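The values are calculated or read from the model by the stated rules, or taken from the named source; none is laboratory data. All figures in this text were calculated on a predicted structure; none of them were measured in a lab. Cβ placement follows ideal geometry from the backbone for every residue including glycine, while neighbour counts extend to all protein chains displayed. These area figures cover heavy atoms from the full protein model, side chains too; ligands, DNA and RNA do not enter into them. Shrake-Rupley method; radii C 1.70, N 1.55, O 1.52, S 1.80 Å.
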Amino acid sequence: MVTCDDVHRWINVPNVRVVPCNSSQFQLMKLYPDAERNKNLLPTYDEQIDAFGNMGFGWTVIGDGRCLAMFGVAQLYPGVAEAWLMVDTIGIKKRKMQLTKGARRFFKHIGPALDLRRLHIMVSVAHKEAVAWARLLDFQFEATLKQYAPDGSDSLVYARFYD
């Protein structure tokens with residue numbers, strides 16, 4: 001299990017704290033429209049988020065009086081996991097560089113901590129900032145999944161590999 005203290009140390013962002021994620025934190029965030037729409041289309045999403053937090057695989061970064069980001073790692077089977085992320089559109093504007101550097105450090109450490117050989121993310125084909133961010137975080141483009149997202153839009157698969 002990865003602790004909140006581990007994640008806080010890895011991201012190393014000043015004046016924030018890391019807590020286990022839970023679905024009530026969504027009420028404190030202004031999500032991107034596609035993230036909000038997809039969250040609302042999934043009837044069990046809140047339960048899934050709560051489960052990640054309870055199992056130690058989901059975290060929330062709190063700072064500036066806001067939930068800045070919620071993210072986690074879902075281990076699919078030994079050595080392979082999928083990461084997910086929801087960001088607060090207001091908070092990300094104020095701390096974009098800090099949170100990006102923190103995310104780079106997180107992804108550097110989470111693979112070895114969970115003994116992963118592969119970690120992948122799904123990115124909306126329409127969300128150009130998220131596509132650029134995936135590349136900045138050293139994820140490599142792998143594929144386009146047609147009509148994959150809950151709203152029927154296409155998603156891009158980006159993966160990162162650990163030796």
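For this structure, a couple of remarks:
- Identity of the residue in region 67-98, farther than 24 Å from residue 158 by Cα and surrounded by fewer than 19 Cβ atoms within 10 Å (Cβ to Cβ), that ends up modelled with the highest pLDDT: 90
- Lone unmet requirement of (1) more than 21 Å from residue 65 (Cβ to Cβ); (2) modelled with pLDDT under 90 for residue 106: (2)
- Number of the exception - residue 149 against (1) assigned to a loop (DSSP other than H, G, I, E, B); (2) under 25 Å from residue 23 (Cβ atoms); (3) open to solvent by 20 Å² or more (accessible area, probe 1.4 Å): (3)
- Hey, residue 52 at pLDDT 90 or above, open to solvent by less than 70 Å² (accessible area, probe 1.4 Å) and under 13 Å from the mean Cα position of the chain (by Cα) or not: no
- The number of residues in region 108-126 being under 18 Å from residue 140 (Cβ atoms) and in contact with a Phe, Trp or Tyr (Cβ under 8 Å, 6 or more places away or on another chain) comes to 11.
- Filtered by the rule that a residue be in a strand (DSSP E or B), in contact (Cβ under 8 Å) with a residue 24 or more places away in the chain and closer than 17 Å to residue 34 by Cα, region 111-146 gives 121, 122, 123, 124.
- Close pairs from region 36-50: first closer than 18 Å to residue 83 by Cα, partner in a loop (DSSP other than H, G, I, E, B), Cβ under 6 Å, at least 6 apart: 38/149; 38/150; 38/151; 42/150; 49/21; 50/22
- Residue check for residue 17: open to solvent by 40 Å² or more (accessible area, probe 1.4 Å) and either under 25 Å from residue 101 (Cα atoms) or β-branched (Val, Ile, Thr) (or both): yes
- Condition met for residue 44 (under 29 Å from residue 142 (Cβ atoms), among the polar types (S, T, N, Q) and under 14 Å from the mean Cα position of the chain (by Cα)): no
- Any chance residue 95 is part of a helix (DSSP H, G or I), under 13 Å from the mean Cα position of the chain (by Cα) and of a type in the set (Lys, Arg): no
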